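Enquirer: What follows is a structure written as structure tokens; I'll ask about it next.
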Amino acid sequence: MTRLDINQAKEQKIEVSKSTNPQKKSWGNILKTYTQWRTLRMLGLGFSAGLPLLLVLGTLSFWLREAGINRTTIGFLSWIGLMYGFKWVWAPLVDRVPIPFLSHRVGRRKSWLLLAQFLVILGLLGMTQADPVLNLSILVWSALLVAFGSATQDIALDAFRIESASAEEQGALAAAYQTGYRLAMIWAGAGALWLAARAQGESTGYDLNAWHVAYGWMAASMLPGLLIVLISKEKPPASARTSPKNPMAWLKEAFLQPFAEFIGRYGWYAVLILALIAVYRISDVVMGIMANPFYVDMGYTKDEVAATSKVFGVIMTLVGAFIGGGLTIRFGILRILMVGAFLSAVSNLLFAWLATIGHDVYGLIFVISADNLSSGIASAAFIAYISSLTNIQYSATQYALFSSMMLIVPKWLAGFSGMFVDHFGYQQFFVFTAIIGMPVFILIYLVEKYAPKDAENS
């Protein structure tokens, strides 16, 4: 590592320390941050990032369960989501390699965003031609293409976001991004169910064409993201420098240096950071795979789930994301991480309670509202935290590593969720998802206790 890199790493440590333990700002200044263009832009781009996820996981599981696919198979198909967990493998390519004939015209980050969004649209259109009952493989391959395009979009977009503002503004950008992300998840979840119900009309039971119509609209919903990317200006990344001509030197620079820089910056403390990242969202991710099959098995209709999520889910998502972003700016990230972890565990226990009362729309409203509020707070704080850890020289690669680690263990464990429900039932499953989140509290405590105080003793 050069002296310049070392000095930049030291400056990075100071920024991280300030962002995790900031001086308090007035609420007026905080609100002003939310009105800036770079913050508002993240609202729309967050929508493009959040749209594909449920379409290959949660909403897809509702479709598959309604089509009569067994829960064990649905659980294993959730491993499609592992594509997000291994995006760090090709993140250095997105971080460093320009796309021929495109990057020099629109910018490196923007070119990768446009390519990724095109792949997502193509995969969604492929899903509109698939019948899971007759040929499940077509649906799976199309979903994998969506997941790959979506994961690639995440890599480029995370770098684009991190490079758009200073470390102290990342909380606001994270809140706007998370709000757009969560709104997109509601549209991809409740919206897709509502569209399928409208396409189905008065008929009851499973209707393949209704799902094809819904997924066609989801593909069209990616188009605003394309427009936002095209009209956005790209700030040249700090890592934009001439790459070595020697292939081995290039591999070292693109793949090894981002990871070596992070370890060199934090030393043994990096182990605590990575452990926290790996398990922070484990309760939500594992629980989420069986949520839609749970609704189907409890007798909730597509309209009931859609209406509940569309109204109460949207409201509580907005409240949670902006509360989480504001609180991280005012009180520091680690404290709000602890709050978010506690609320996530409690919301999973509410699902266990709902499993005991059967079909109850008011109970569903209460549980979905609480779940969206807790997820909004936790996600805003978590995104701000891992954003503050990246060195802007390697923003795409390092952020991809962190966000990938967040998913690998939870997604792998979630693959067995259908088997767990088949053997023990929904109530025990939701209680289990709350219990496996308990180590998070210990890790947050340790991360805060041993956090670097400043650039000298960190």
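The values are calculated or read from the model by the stated rules, or taken from the named source; none is laboratory data. All figures in this text were calculated on a predicted structure; none of them were measured in a lab. Cβ sites come from the backbone with ideal geometry, for glycine too, and all protein chains shown count toward neighbours.
Enquirer: Just a yes or no: is a residue in the stretch 384-396 crowded, with 24+ Cβ neighbours inside 10 Å, part of a helix (DSSP H, G or I), touching a helix residue (DSSP H, G or I) at 6+ places or on another chain (Cβ under 7 Å) and modelled with pLDDT of 85 or more?
Expert: yes
Enquirer: Going residue by residue through the stretch 362-385, is there one that turns out to be among the β-branched types (Val, Ile, Thr) and either without any contact (Cβ under 8 Å) to a residue 40 or more places away in the chain or in contact with a Cys (Cβ under 7 Å, 6 or more places away or on another chain) (or both)? Working first, answer last.
Expert: From the stretch 362-385, those among the β-branched types (Val, Ile, Thr) are 365, 367-368, 377, 383; that's our starting set.
Among the residues that remain, those that are also either without any contact (Cβ under 8 Å) to a residue 40 or more places away in the chain or in contact with a Cys (Cβ under 7 Å, 6 or more places away or on another chain) (or both) are: 367.
Yes, the stretch 362-385 has at least one match.
Enquirer: Another question, then. Among the helices (runs of 4 or more DSSP H) lying completely within the stretch 145-234, list those that include at least 2 residues that are modelled with pLDDT of 90 or more and out of contact with any strand residue (DSSP E or B) (no Cβ under 9 Å at 6 or more places or on another chain).
Expert: Numbers: elements: 170-186, 192-200, 208-220, 223-231.
Here the list reads 192-200, 208-220, 223-231.
Enquirer: Looking at the stretch 340-356, I want the residues that are hydrophobic (A, V, I, L, M, F, W, C) and have a partner that is not in a helix (DSSP H, G or I) with Cβ atoms under 7 Å, at least 6 apart or on another chain. Which pairs are those?
Expert: ALA341/TYR280; ALA341/GLY437; ALA345/GLY437
Enquirer: Residues that are surrounded by fewer than 19 Cβ atoms within 10 Å (Cβ to Cβ) and free of Cβ contacts under 8 Å to residues at least 24 places away in the same chain: which helices (runs of 4 or more DSSP H) entirely in the stretch 257-313 hold 1 or more of them?
Expert: Details: elements: 257-266, 269-279, 282-289, 291-297, 302-308.
Passing ranges, in order: 257-266, 269-279.
Enquirer: Can you name the condition, by its number, that MET127 falls short on among (1) buried (at least 20 other Cβ atoms within 10 Å of the Cβ); (2) farther than 23 Å from GLY216 by Cβ; (3) touching a His at 6+ places or on another chain (Cβ under 9 Å)?
Expert: (2)
Enquirer: Scanning for something of a type outside the set (A, V, I, L, M, F, W, C), over 19 Å from ILE155 (Cβ atoms) and more than 21 Å from the chain's Cα centre (by Cα), does the stretch 116-128 turn up at least one residue? If you could, list the steps in order and put the result at the bottom.
Expert: If we filter the stretch 116-128 for residues that are of a type outside the set (A, V, I, L, M, F, W, C), which is where we start, we get 117, 123, 126, 128.
Adding the requirement that they be over 19 Å from ILE155 (Cβ atoms) leaves 126, 128.
This time we only want the ones that are more than 21 Å from the chain's Cα centre (by Cα), so: 126, 128.
Checked against the condition, which is being of a type outside the set (A, V, I, L, M, F, W, C), over 19 Å from ILE155 (Cβ atoms) and more than 21 Å from the chain's Cα centre (by Cα), the stretch 116-128 yields at least one hit.
Enquirer: Out of the stretch 346-360, which residues are surrounded by fewer than 20 Cβ atoms within 10 Å (Cβ to Cβ), part of a helix (DSSP H, G or I) and out of contact with any Phe, Trp or Tyr (no Cβ under 8 Å at 6 or more places or on another chain)?
Expert: VAL346, TRP353, THR356, ILE357
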